[in-house]
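The values are calculated or read from the model by the stated rules, or taken from the named source; none is laboratory data. It should be emphasised that the depicted structure is a prediction, and the values quoted were computed from it without experimental measurement. As a convention, Cβ positions derive from the backbone with ideal geometry for all residues, glycine included, and neighbour counts pool all protein chains shown.
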Amino acid sequence: MAAPRVLIVDDEPDLLEVCARALRNHDLEAITASDAETAQMLLRAHAVDLLVTDVRMPTENGISLLQTVHDTLPDLPLMIVTGYPDSLAIDAALDLNVKSFLVKPFDLVEFVSEVKRSLELHTTIPQEELESERNELISLVVGELRQHKIPVLEGKIQRDPTDGRVVLIPTDPKGAVPIGEFLTDYARGERIYLIVLPHA
């Protein structure tokens with residue numbers, strides 16, 4: 001059986017090389033592109049099981065690439081890696097059914113784990129089992145944060161049907177909260193840890 005093939009798109013050559021080597025060390029096939037145009041050429045030439053792309057790149061950005069691929073290859077799992085988790089990237093993740101969203105800098109163990117999870121979501125593991133494992137992991141993280149007296153906000157991210165904003169709906173709802181507000185405060189170190197529960 002052929003190894004799953006992952007296409008990684010990023011304009012940082014060192015990061016491309018390191019990530020590709022990490023996947024190959026875990027019995028995955030990796031091909032790379034430094035821009036969206038090259039990525040689309042590779043997608044036409046090769047069958048790919050997962051597309052991993054940066055967001056901010058020269059010429060065509062990663063969001064445009066994701067939209068094109070979503071239109072032409074709607075069943076291809078998508079994964080975002082970005083150093084700028086802004087509302088544009090979050091909108092894309094919601095609208096294009098992105099399987100994984102990883103913020104730079106990340107370690108290689110985390111990267112490989114997310115790639116494998118995205119591939120498994122597409123292929124072998126039943127959805128019920130994935131939901132169970134994900135909820136168990138979230139419970140462990142939430143418990144650890146609370147043990148260290150770190151405030152935790154639990155909820156889900158979705159698009160407000162009335163005005164199209166991306167909002168956070170707390171598990172104990174007191175109204176929708178614009179996610180951009182939390183991201184800004186978190187980046188400034190002024191906000192609590194944000195735990196997002198999976199939602200169907």
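Summary of computed values
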read-out: Region 18-36 residues that are in a helix (DSSP H, G or I), paired with ones that are modelled with pLDDT of 95 or more and of a type in the set (Ser, Thr, Tyr) (beta carbon under 6 Å, 6 or more apart); value: 20/32
read-out: Any pair with Cβ under 9 angstrom, 6 or more apart, that starts in region 90-112 at a residue that is more than 19 Å from residue 30 (Cα to Cα) and of a type outside the set (A, V, I, L, M, F, W, C) and ends at one that is surrounded by 17 or more Cβ atoms within 10 Å (Cβ to Cβ) and at pLDDT below 80; value: 91/166
read-out: Meets criteria (under 13 Å from residue 62 (Cβ atoms) and modelled with pLDDT of 90 or more) for residue 9; value: yes
read-out: Test: residue in region 53-67 that is under 25 Å from residue 161 (Cα atoms), without any contact (Cβ under 8 Å) to a residue 24 or more places away in the chain, outside the structural domain of residue 163 (by TED's automatic domain parsing) and not acidic (Asp, Glu); value: no
read-out: Check on residue 65, buried (at least 18 other Cβ atoms within 10 Å of the Cβ) and within 11 Å of residue 9 (Cβ to Cβ); value: yes
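This table checks each residue for (1) in contact with a helix residue (DSSP H, G or I) (Cβ under 8 Å, 6 or more places away or on another chain); (2) loosely packed, with under 14 Cβ neighbours inside 10 Å; (3) at pLDDT below 85.
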site	(1), (2), (3)
39	yes, no, no
52	yes, no, no
60	yes, no, yes
71	no, yes, no
87	yes, no, yes
108	yes, no, no
126	no, yes, yes
